[in-house]
Structure formats: C-alpha cells, structure tokens
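Just so it is clear, none of the values below were taken in a lab; they were calculated from the coordinates. Keep in mind it's a predicted model, so treat the numbers as computed, not measured. Note: ideal-geometry Cβ built from the backbone for every residue, glycine included; neighbour counts use all protein chains shown.
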Amino acid sequence: MPLPDFLGIGAQRAGTTWLARNLSRHPEVWTPPLKELHYFDQRRNEPSFGAPIARLLGREYSEHTGRWYASFWRHELKRRVRAHRNNFDPHIAVWDFRFFARSPSDEWYASLFQQARGKVAGEITPEYSILDEEVVAQIHGLMPDAKILFLIRNPIERDYSGVVKHLRHVGTNGNAATDEYVSAHFDHGSRSHRAAYLQILKKWQRFYPNEQIFVGFIEDIHFHPVRLLRHIYRFLGVDPSYAHKALKGKVNARSPKHMPASAATHLARRYHKDLGLLSERFGGYASFWLYCAERLTNAPPHEEIPYPLWNSWLWKEWKNLSSPRSSAYPRAGRVQSGALA
C-alpha cells in the first residue's frame, strides 16, 4: 500500500500550516489537497458502512476540534466544493470524492496517497500528537519507516492561540479573552495534554527511533525559515535547495498582537514546572519559555503583553542575560530544530 513517508503530528497552533504550505510547494514532495486527514484520531472510529452519512448527519461532539463532528465535516466539504468552483482539477476532484464519499479503512487511507507517483508523500494532522499509545503502535505497524515531524511552541502562547481560535469559531471577537473566559476555558484538560511535549515524544519514541523524529521550534520559523526548511528537507530526503522559496510571512495572519496580562500570568503559573523540564531537555528557546514563565509569575504585568512573546521585552531581557542559558540561537544564526538523534 502507498502509505505516507512522513507524518506531521503537531503540535496544534505551532506552525503546522506554514510547514504544510511549504512542503506542498516542493516538487519532490506530495501532500493531500486537504491538510488534516484526521484518519487516526477520528475517522477510524466511523462505521465501516454508511460513514459519509453518519459523518455529515451525526450529533457527536468532537473534543479534538472543539466543534460538533458533523458541523466540522460539513464545513470541510463546503470548503472543498468552493475550491472546485474557483479552480476545477479532475485529479483533485477524484481525490475529494474518495476522501468524503468512501468509508474509512487502512486500505482507504493508503488510496489517498496513490497520486504521489513516486514522490515523498505525507500528511499533517496536529491531533496525532495526543493519540493513545495503542493507536501510535498501530501507526507504527502500518508504516514503521515513516518519519515524524513534531513542531512545538511555548505552551503559554500555544494555549492562548488555541483559545483565540476557539473564540472565532463560536463567532466572537478573537481578542475577547476576558478574565472570566480565562478561568472557564484555559484549564480544560485537553489543552494541557497538547502541551505535554515530553510525554508526547516519549510515547512516539517507544515505537520510532530518534533519527526518525524531527522536533521543530516555532521561533525558528520566525527567525530562520529558510534554514529550518533546509533541515526539514534534508530530514525527508529531498533536495534542500528549494528552501530558498520558503514562505517567510505569517500564514495565519489573524493572530492577535497582544495578550492579556491575566491570561499570560495564569498560563505562566500553570506551565512553570513543565517549562523547567523542557528547558533541561532542550535549552535554547525552551529556556526562553521558562524565563517568560518565571518573570510573569514573579512580577505579573498590569498591561497587555506583545504577542508572540519574542516581540516583547522578555525576549530582549533574555538575550542580554549573562548566565549560560542566554545563548539565544537567533543571535548565533543557528537553527535549534532537528532530529532527536
């Protein structure tokens, strides 16, 4: 079966859309017309027969997407139909029909990559990062040689970005993360699972060797997009020279420019311990994340904070530190992201 050569497993709100857009532009890489296939986290649970009807008419709520399951898939189907109206491609139309109209199975999943025609193929679904261990074992059984791409982001920023996205989904102002909303939504269990990067890595490392797992930092996307993409292309075994065509601007341009002080302080306290472990494991950018948590916890600000945090005074302070953890990678012109091996 023509199964993927790589899987992007997340993390959510950590640059996966930027990665997907750039991979789709490489002539030696094939990615599906739809970025997130959701096979292993959602569609494997659909019935063997009648799945399209059940998916579009069901009343199940999805914790993964934060939306009603049927509503999510109706939205995706409408989006694909609009795309065909604007630019019809018969090959993509066949792919869409197979994706939306057939019941899921491992063979069905493999059929989604038939159009790769010898290229390096893969998909990116951020929800794969929080799959149960038995599902990761099943993925490894299907594709033991697959390479795993895992982008990570400061949990303080990642949580806030996720909440802003949810606010937009429910039709409110994306910047309206009030104190009441913070207390009601930031402590949702699924959010902390998404930021448990070390636990996620340990789970995937039980099945995949370190040399098959690439960890990327969103700061490298911001400061060194070409260098980062060159490393990713080498990791996937394709020509790295195409990295000079990397998209350098924001892909999700609707991101907020400021973060409420109450939200930043709340999340800094919540993730302080986890950030200490991440700093010990990775250093570099993760040490900056820990520095943010310590400063926000010990001296809570009274005004909004520039967002992302590398646009704030915290980044300047951290770069100017004289302690060993002050080795800010952008200053040295290096990329921290890379394979675990």
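Would you list 16, 297 from fewest to most Cβ contacts within 10 Å? Mind dumping the intermediate values first?
Working: 16 25, 297 16.
Ascending number of Cβ neighbours within 10 Å: 297, 16.
Fewest first, what order do 81, 29, 135 take by the number of other Cβ atoms within 10 Å? Can you show the working numbers first?
Details: 81 11, 29 21, 135 15.
So the residues, fewest neighbours to most, are 81, 135, 29.
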5 angstrom amide H check on residue 152, placed H, neighbours 5+ away: 11, 216, 217, 218
Among the listed pairs 273/319; 35/202; 203/319; 35/319; 202/248; 245/273, those beyond 29 Å (Cα-Cα): 203/319; 35/319; 202/248; 245/273
Per-pair calculated FRET efficiency, R0 = 25 Å: residue 106 and residue 132 via Cβ, rounded to 0.05: 0.90
FRET efficiency, 1/(1 + (r/R0)^6) with R0 25 Å, evaluated for residue 248 and residue 313 via beta carbons: 0.55
Total formal charge among the other residues, if their Cβ is under 13 angstrom from that of residue 7, Lys/Arg +1 and Asp/Glu -1: -4
